[in-house]
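Colleague: Encoded as structure tokens, here's the structure I'll be asking about.
The values are calculated or read from the model by the stated rules, or taken from the named source; none is laboratory data. Here the structure is a predicted model, which is why all the values come from computation and not from measurement. All Cβ positions, even for glycine, are placed from backbone atoms using ideal geometry, and neighbour counts span all protein chains on display. Please note that ligands, DNA and RNA were not included when accessible areas were found on the heavy atoms of the full protein model with its side chains. Shrake-Rupley method; radii C 1.70, N 1.55, O 1.52, S 1.80 Å.
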Amino acid sequence: MKSLSIAITISGQRLFALALISLTLYACQRESLYINRESVLSGASLSSRDNSSDGKKDLQILFVTNRDGNDEIYAMNIDGSGQARLTDNSTADGHPVWSPDGQQIVFVSSVDGNKEIYIMNANGTGLRNLTSTPNADEVNPDWSANGRGIVFSSNRDGNWEIYVANSGGNQLTRLTENTFTDDWPVASPDGSKIAFHSTRGNTGTDVYVMNADGSNVVQLANTPALDQMPTWSPDGSKIAFMSTRDGNAEIYVMNANGTEQMNITHSPVSSDGRPAWSRIQNKIAFMSTRNGNLEIYLMNGDGSNQIRLTNNTIVDDFPNIK
């Protein structure tokens, strides 16, 4: 795992010092994602089982677990039931994200030795490599609002920058270009903005927002602590993120312009992180150590009604909710 601090890796070294996840390197354009720089070659698909008729496409929450010996992608119902495995590979798979229509999943896999961006159908079939860059790592993907593009972080040009590719993988453009680390990009619901975290503020990691073409970068969270892993509310008016400003990792929510930042988890004896706001409902899935090991939880967008969805002795991580 290439990281500038301790992170939850896709390889299973699960040191949950979420307060130190400053640069999780496991790691959209607007409506026009027909971009103009270098091409991205299509690559070989991963192996998978035939899940086409077993109802997995109807599950609502994705997550990563090592319950089978390495990191694989699972899906479950919103109440934690019906947990089903979607990937079946000898190497690690992680950071799954539903497409806006819920029909596809973008994720990261190291099946080719380095970390690449893959896309598969919602039931685990139809896997294909989107990026195919053997000399670099591509991590932390998200879909554009219209489902035509994928925004992600890559070190293909030497340091970690944010890129966007069309969903076919044959068009690519670089959105950020500086000497710092830009990572964890997430597209706003209307497609006009991308939130991300970066080290460019020289205070650890901070949350920023920019236009979908990479212009007009604005810092939203600016504390000496780590502020990272942003996710948009369904209407685009708010952003949830992880912060260590209270001495441990908690989930905060702020207005989309950075005002009114507030802690919504209030779990001082544990670490809470990786919030994922649903695109269609006011629910946030997140991970927490509050019961002794890393599990998936769900809460309302204001932090109320926090419930545990997974319950076992292994690690469940990287939730994403339709």
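Here's the yes/no breakdown for (1) among the basic types (Lys, Arg); (2) more than 25 Å from TRP98 (Cβ to Cβ); (3) open to solvent by 30 Å² or more (accessible area, probe 1.4 Å); (4) not in a strand (DSSP E or B):
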site	(1), (2), (3), (4)
ASN257	no, yes, yes, yes
HIS266	no, yes, yes, yes
SER270	no, yes, no, yes
ALA276	no, no, no, no
ILE280	no, no, yes, yes
PHE286	no, no, no, no
ARG290	yes, yes, yes, yes
ILE296	no, no, no, no
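Colleague: Anything in the range 119-130 that is part of a strand (DSSP E or B) and either open to solvent by less than 10 Å² (accessible area, probe 1.4 Å) or of a type in the set (A, V, I, L, M, F, W, C) (or both)? List them, or say none.
Modeller: ILE119, MET120, ASN129
Colleague: Condition (residue is in a strand (DSSP E or B), over 19 Å from GLN60 (Cα atoms) and either touching a helix residue (DSSP H, G or I) at 6+ places or on another chain (Cβ under 8 Å) or open to solvent by 20 Å² or more (accessible area, probe 1.4 Å) (or both)) applied to the range 131-153: is it met by at least one residue?
Modeller: no
Colleague: In the range 219-241, which residues are open to solvent by 60 Å² or more (accessible area, probe 1.4 Å) and in contact with a strand residue (DSSP E or B) (Cβ under 8 Å, 6 or more places away or on another chain)?
Modeller: Matches in the range 219-241: GLN219, ASN222, LYS238.
Colleague: Which condition breaks for GLY191 when tested against (1) under 19 Å from the mean Cα position of the chain (by Cα); (2) outside any strand (DSSP E or B); (3) more than 28 Å from GLY126 (Cβ to Cβ)?
Modeller: Going through the list (1) under 19 Å from the mean Cα position of the chain (by Cα); (2) outside any strand (DSSP E or B); (3) more than 28 Å from GLY126 (Cβ to Cβ), GLY191 breaks only (3).
Colleague: Could I ask something else about it? Kindly provide the set of residues from the range 154-185 that are of a type in the set (Phe, Trp, Tyr), within 17 Å of VAL97 (Cα to Cα) and open to solvent by 10 Å² or more (accessible area, probe 1.4 Å), ordered by number.
Modeller: Across the range 154-185, the qualifying residue is only TRP184.
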